[in-house]
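Data first, discussion second: the structure below is written as structure tokens.
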Amino acid sequence: MKNDDLYSAYQLNKYTPLPLYYQIASIIREQILSGKFAPGDQILTEEKLQKMFGVSRATVRRAISDLVYDGLLERNHSRGTIVTQPKLEENLFTVGSFTSTMLQSGKNLSTRILEFNRIFGDASLNSKFALETGSSFYYFRRLRLIDGSPVCIEDCYAPVKYFENLSSGMFKDTGMEQSTYNLLQKQYGITIKSIRDIMGAVALNAEDARLLSSHNGAPVLLRQRMSYDQVNRPVLYTTGRYIIKLTMNLP
Amino acid sequence: MNTLAVKIDAAIRANRFSRGEILPAQEALLKEFGGTAEELKCATGDLVYEGVLERIPTDTEKVRVKVPYLWDIVTGNHSFTNEAKKRGQKPGNRILTFETRRAWPQVMKRLQLEAGEDVLVMERLLFAGERTVGLEFSYMPAKFFQGMTREMFEGGQSTFKVMAEKGLIPDKAVDEVSVATLEEREAALLGLDAGVPVLIRFRVTLSPEGIPIKGSRAIYLFKPGYELKI
């Protein structure tokens, strides 16, 4: 069915208390949820919607904004406004690793190590781990994939003094053995008992956009996580860019 | 962060670049701080992820010094009213929308409502002192909020205080966080640029019996922190 035809049956009611933008958003929402639009489909341009419904540009924009914030539409630089691809969801109800959460929900998760180095910590990193100047860290960058599609990039830092001889070869690319938490527990007897996450939103740079099969400047979830062991030492710091939603149950 | 990132960060802290200032082009930066083009690319990427710089929405190859939010990181239950009070700032709000609407599918799902049930919808711009700290769009089952008026929520009043007067006590919450780029209307309300990536926090607040009593979709100008223990 042509895009234009989808709206021909709808007329706005200018006499109800319901705002016009809300009515337009409801119409588009219904089209998406009933499957008339598939993920990735373009909706009509703002100009066309404006003409079709006989409303102002601001009214159409407000309708679109609501649907963008509700996660049903997204702005794409090259393609206009499109129906969002459903995002994977990670539930942080328990302090599971990303690996265990995904595997437990039946996802086909795999990991690719992009980089593994030993570095000297700068003041910021030393301070995060409450370690002295001159401390060394392992730095590793990982790409996580679900069914072969990239879903996040993680930059990880772990103090050398706690994890002697850590190497990239210790990480496997599938199964539970791709989990850093699992590795720390099995190889070093360190169990992660608590985490502190700081959430933000950032625009991807060109390189990360390429790795995540996204576009330069795409907004992604940024999660900065410090993981603490059984004696409350900070032992692993991860900065991740995620193309997923996160849910948390709060006490 | 690589050495170049540390140098640029130090320069920003020393006010070599002011808040909101776009950083010079690559050639000028390399001349001033040294390093290679590759190192500079990594450095700016790191500083974006650390929240020191942000990309220009209309030209993501350019970066500028990020203007810090009034509140950087907020932990706990992220209650804007409580946070403002804790910091000795006066909480305030401006109600933009206050009306009753038929619940739409996402709201029906979040609040466990049946088709045909109504919600009380309220959109508020949130302030701490004179500064904007967020934009919150709330929806509450109308059946629990009979007789509620706009005036009850005005003037920085906590929604939970108003709800408590109706015997609705918040006990737990479920948060969902995702991201979007800021739309023009919201950008103008928040004093930011359209196209800037923002965190959207969806929250459903539950009573002690596990009944959803409020849902909200919020853009807050702070980073929510979560601490979780096994």
From the set of residues in segment A:181-225 that are more than 20 Å from residue A:159 (Cβ to Cβ) and polar (S, T, N, Q), which is least open to solvent (accessible area, probe 1.4 Å)? A:205
Can you name every residue in segment A:190-206 that is more than 7 Å from chain B (Cβ to nearest Cβ) and under 14 Å from residue B:60 (Cα atoms)? A:204, A:206
By residue number, the members of segment B:178-189 that are touching a residue at least 40 places away in the same chain (Cβ under 8 Å) and open to solvent by 10 Å² or more (accessible area, probe 1.4 Å) are B:181, B:189
Across segment A:114-127, which residue is nearest to residue A:98 (Cα to Cα) among those that are open to solvent by less than 60 Å² (accessible area, probe 1.4 Å) and not in a helix (DSSP H, G or I)? A:116
Wholly within segment B:139-230, helices (runs of 4 or more DSSP H) carrying at least 2 residues that are within 13 Å of chain A (Cβ to nearest Cβ): B:184-190
Within segment B:102-123, tally of residues that are charged (D, E, K, R) and in a strand (DSSP E or B): 3
Give just the number: which of (1) under 14 Å from residue B:124 (Cβ atoms); (2) not assigned by TED's automatic domain parsing to the domain that holds residue B:85 does residue B:159 not satisfy? (2)
Of all residues making up segment B:130-156, the number that are within 23 Å of the chain's Cα centre (by Cα) and of a type in the set (S, T, N, Q): 2
What helices (runs of 4 or more DSSP H) completely inside segment B:14-101 contain at least 3 residues that are of a type outside the set (Asp, Glu), away from chain A (no Cβ under 11 Å) and within 30 Å of residue B:123 (Cα to Cα)? B:80-86
Every listed condition ((1) within 30 Å of residue A:77 (Cα to Cα); (2) part of a loop (DSSP other than H, G, I, E, B)) holds for residue A:231 save (1)
For residue A:201, indicate whether it is out of contact with any helix residue (DSSP H, G or I) (no Cβ under 9 Å at 6 or more places or on another chain) and outside any strand (DSSP E or B). no
Please state which one of A:221, A:212 is within 8 Å of chain B (Cβ to nearest Cβ), under 17 Å from the mean Cα position of the chain (by Cα) and at pLDDT below 95. A:221
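The values are calculated or read from the model by the stated rules, or taken from the named source; none is laboratory data. Everything quoted here is computed from the prediction, not taken from an experiment. With ideal geometry, Cβ positions are generated from the backbone for all residues, glycine too; neighbour counts draw on all protein chains shown. Only protein heavy atoms, including side chains, enter the accessible area calculation; ligands, DNA and RNA are left aside. Shrake-Rupley method; radii C 1.70, N 1.55, O 1.52, S 1.80 Å.
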